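Reviewing the structure listed below.
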Amino acid sequence: MTTNSEKKWDTLKRNPKLPTPTPVDREIILDENAILLSITDTRGVIEYCNEDFVESSGYEEYELVGSGHNVVRHPDMPRVIFKLMWERIQKKQNIIAFVKNMAKTGRYYWVMTDFVVKENEKGEVTNYKALRKPAPKEAIQEITPLYKRLREIEDLNGIEASEKFLKGFLDAKNTDYDTYVERLITDNLGNISLSSASKEVSKTTEKKKGSFFKRFFGIE
Ligand SMILES: Cc1cc2nc3c(=O)[nH]c(=O)nc-3n(C[C@H](O)[C@H](O)[C@H](O)COP(=O)(O)O)c2cc1C
């Protein structure tokens, strides 16, 4: 059963004019320099997406623009991750997440996604922006079994149970969601170069401020 407290965002059905692909267990390897950008309205309807986003999704630009962002939703993604993401951005806070997306062909690609809130001068939210880079392989190796457990829990006992499990999982590691995800990224960046600002930030214990991609890669 879906209650209001579980899902505040879902007014959008997957665009019925686009067929839902059957998942294919084959990864799409993204160019390591790719930056996949999309901008949505406050309901998550895509208003703009860049060439890297279009290309990796396998859809045409005209199929994406005007569609809800769940057009690329992969059934392996735990709902609790989107719940967390919507709760944050609706509070005007940013968040970073590992997301497995499904292309039009049914194949998948993993990204690390930085969600940023856009406001007007009156402080009203106008848009959400998502910046994505290919996710480090080692991070995906760690996150895949966690997501699988979350999905299984959700399937059997609902999102409240998976939310509690995620909390317990993080508590057991003496960490919180943001610290855990940032550590997974920074520990596994390999050759990806960090901006000089990020090196300054990582030296301090100061509360993290601003978008992760801005701090770590110098892009926003
Ligand atoms: C800026 C922005 C970017 C998003 N990017 C993705 C994405 O890349 N993949 C995805 O599955 N959902 C993305 N979402 C979340 C979707 O809107 C949706 O909540 C999610 O796919 C779950 O779909 P469902 O509610 O139909 O289960 C994004 C939302 C916003 C606001």
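The values are calculated or read from the model by the stated rules, or taken from the named source; none is laboratory data. Note that the structure is predicted; figures quoted are calculated from it, not measured. When we count neighbours, we look across all protein chains shown, and the Cβ atoms used for this are built from the backbone with ideal geometry, even at glycine. The protein model used for the area step is the full one, side chains on, heavy atoms only, and it has no ligands, DNA or RNA in it. Shrake-Rupley method; radii C 1.70, N 1.55, O 1.52, S 1.80 Å.
Put simply, the amide H of residue 48, placed in the peptide plane, has neighbours under 5 Å in 39, leaving out anything fewer than 5 places away on its chain. Report note on the peptides 56-63, 138-145: ranked by the mean count of other C-beta atoms within 10 Å, highest first, their order is 56-63, 138-145.
When the Cα gyration tensor is reduced to axis lengths a ≥ b ≥ c, the ratio a/c is 1.5 or higher for the stretch 122-170, and with a/b not above b/c it is classed as oblate. By a 1.4 Å probe calculation restricted to protein chains, residue 99 has an accessible surface near 10 Å², given to the nearest 10. Computed from backbone phi with θ = phi - 60° and the Karplus coefficients 6.51, -1.76 and 1.60, the 3J(HN,Hα) list for the stretch 55-62 is 4, 5, 6, x, 8, 7, 3, 5 Hz; x is used for glycine and proline. With a Förster radius of 35 Å applied to the beta-carbon distance between residue 183 and residue 161, the computed FRET efficiency rounds to 0.90.
Here the Debye sum runs over all C-alpha atoms of the stretch 36-202 as equal scatterers in vacuum, and log10 of I(q)/I(0) at q = 0.11, 0.12, 0.13, 0.20 Å⁻¹ comes out as -0.48, -0.58, -0.69, -1.51.
Sequentially through the stretch 136-145, phi angles give Karplus couplings (6.51, -1.76, 1.60; θ = phi - 60°) of x, 3, 5, 5, 5, 4, 7, 7, 4, x Hz, Gly and Pro residues having no value and appearing as x. Residue 149 contributes about 110 Å² of solvent-accessible surface, heavy atoms of the protein only, 1.4 Å probe.
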